[in-house]
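Visitor: Before anything else, here's the structure in question.
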Amino acid sequence: MLDIRLFKSADLDALYAISLATGHAGGDAADLYSDPRLMGHIYAAPYALLEPSFALVVEDEHGVAGFALGTPDTDNWSDRLEDAWWPNLRAAYADPGDVPAPDWSVDQRRIFMIHHPLRTPLSIVERYPAHLHLNLLPRLQGRGIGRLLFAEWIALAARYGVGPIHVGVNRFNPRAIGFWSAQDFRPLPSPDGTPERTVWMGRP
């Protein structure tokens, strides 16, 4: 039996685990990172803790195995992270900026993102202000559960007046691109400054 519900504080460790287990173009990144919490620091925990009204999890008999986390105002979200999320992490992780980028470890690449986060291009957020992240553990994948979870998130967001939405997808994850395409997201022109691996997709 599946339960799609709002995030609870007891779910936080599961969100970190899911972020790591899906952090390598949708596959398991556990063997890549020395610090298993880095992915969750960036892509899961701040949404759950700072924007809990838009944080859903899906739970089966084995525990929390997926999430849909987002925010209605991406531009404002970047400012909130600067005020309430990044400072403590920056104190905990040394900026690798003095090390040549080609020499960075996988951990250092993520830590650099903590110290120097990229804002979503204005041309994206002006047309598609909201965004979300949706991840499922392998045991829930391929069963239509992602579609159900997204539908629940959309219904929740609609109650708050959320309209157009965007996602940033790893171009080396064709399964994710296919999933978002099936949810009526369409590729958007790539603005200057977009990381090479990112495909922007929008849903009116």
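The values are calculated or read from the model by the stated rules, or taken from the named source; none is laboratory data. In this text, all values refer to a predicted model and were calculated from it rather than measured experimentally. Every residue, glycine among them, receives a Cβ derived from its backbone with ideal geometry; neighbour counts consider all protein chains shown. Ligands, DNA and RNA are excluded from the accessible area calculation, which covers all protein heavy atoms including side chains. Shrake-Rupley method; radii C 1.70, N 1.55, O 1.52, S 1.80 Å.
Visitor: Scan region 62-101 residue by residue and report those that are outside any loop (DSSP other than H, G, I, E, B), at pLDDT 95 or above and of a type in the set (Gly, Ala, Ser).
Guide: GLY63, ALA65, GLY66, ALA68, GLY70, SER78, ALA84, ALA91, ALA92
Visitor: What number of residues within region 8-27 satisfy the criterion of being within 15 Å of the chain's Cα centre (by Cα) and in a loop (DSSP other than H, G, I, E, B)?
Guide: Residues flagged as within 15 Å of the chain's Cα centre (by Cα) and in a loop (DSSP other than H, G, I, E, B) within region 8-27 amount to 4.
Visitor: A further question follows. Applying the selection to region 170-199, what residues are open to solvent by 30 Å² or more (accessible area, probe 1.4 Å), of a type in the set (Phe, Trp, Tyr) and either at pLDDT 95 or above or under 18 Å from THR74 (Cα atoms) (or both)?
Guide: Across region 170-199, the qualifying residue is only PHE179.
Visitor: Working only within region 4-31, note down all residues that are in contact with a strand residue (DSSP E or B) (Cβ under 6 Å, 6 or more places away or on another chain), more than 18 Å from SER53 (Cβ to Cβ) and either free of Cβ contacts under 8 Å to residues at least 24 places away in the same chain or of a type outside the set (S, T, N, Q) (or both).
Guide: Scanning region 4-31 gives ALA14, ILE18, ALA25.
Visitor: Please go through region 32-45 and pick out each residue that is without any contact (Cβ under 8 Å) to a residue 60 or more places away in the chain and either at positive phi or buried (at least 20 other Cβ atoms within 10 Å of the Cβ) (or both).
Guide: GLY40, ALA45
Visitor: Quick check on LEU32: is it in a helix (DSSP H, G or I), closer than 18 Å to ASN173 by Cα and in contact with an Asp or Glu (Cβ under 9 Å, 6 or more places away or on another chain)?
Guide: No; evaluated as a whole, the condition is false for this residue.
Visitor: Continuing with this model, one more query. Give region 91-110 a look and list any residue that's open to solvent by 60 Å² or more (accessible area, probe 1.4 Å) and either at positive phi or of a type in the set (Lys, Arg) (or both), or say none.
Guide: ARG109
Visitor: Continuing with this model, one more query. Of the conditions (1) surrounded by fewer than 19 Cβ atoms within 10 Å (Cβ to Cβ); (2) modelled with pLDDT under 95; (3) not aromatic (Phe, Trp, Tyr), ILE4 clears all except one; give me its number.
Guide: Going through the list (1) surrounded by fewer than 19 Cβ atoms within 10 Å (Cβ to Cβ); (2) modelled with pLDDT under 95; (3) not aromatic (Phe, Trp, Tyr), ILE4 breaks only (2).
Visitor: Sticking with this structure for a sec: Give the number of residues within region 16-53 that are hydrophobic (A, V, I, L, M, F, W, C), farther than 15 Å from THR71 by Cβ and out of contact with any His (no Cβ under 8 Å at 6 or more places or on another chain).
Guide: 9
Visitor: When you scan region 134-169, how many residues do you find that are in contact (Cβ under 8 Å) with a residue 60 or more places away in the chain and buried (at least 17 other Cβ atoms within 10 Å of the Cβ)?
Guide: Residues that pass the stated criteria total 15.
Visitor: Considering (1) of a type outside the set (Val, Ile, Thr); (2) within 25 Å of ALA45 (Cβ to Cβ); (3) out of contact with any helix residue (DSSP H, G or I) (no Cβ under 9 Å at 6 or more places or on another chain), say which one ARG127 fails and leave the rest.
Guide: Answer for ARG127: the failing condition is (2).
Visitor: Pick out the one residue from PRO117, PRO195 that is out of contact with any strand residue (DSSP E or B) (no Cβ under 8 Å at 6 or more places or on another chain) and within 28 Å of LEU6 (Cβ to Cβ).
Guide: Answer to the check: PRO117.
Visitor: Let me ask something else. Looking for whichever is open to solvent by 50 Å² or more (accessible area, probe 1.4 Å) and hydrophobic (A, V, I, L, M, F, W, C) here; the options are LEU56, LEU49. Which one fits?
Guide: Only one candidate passes the filter, namely LEU49.
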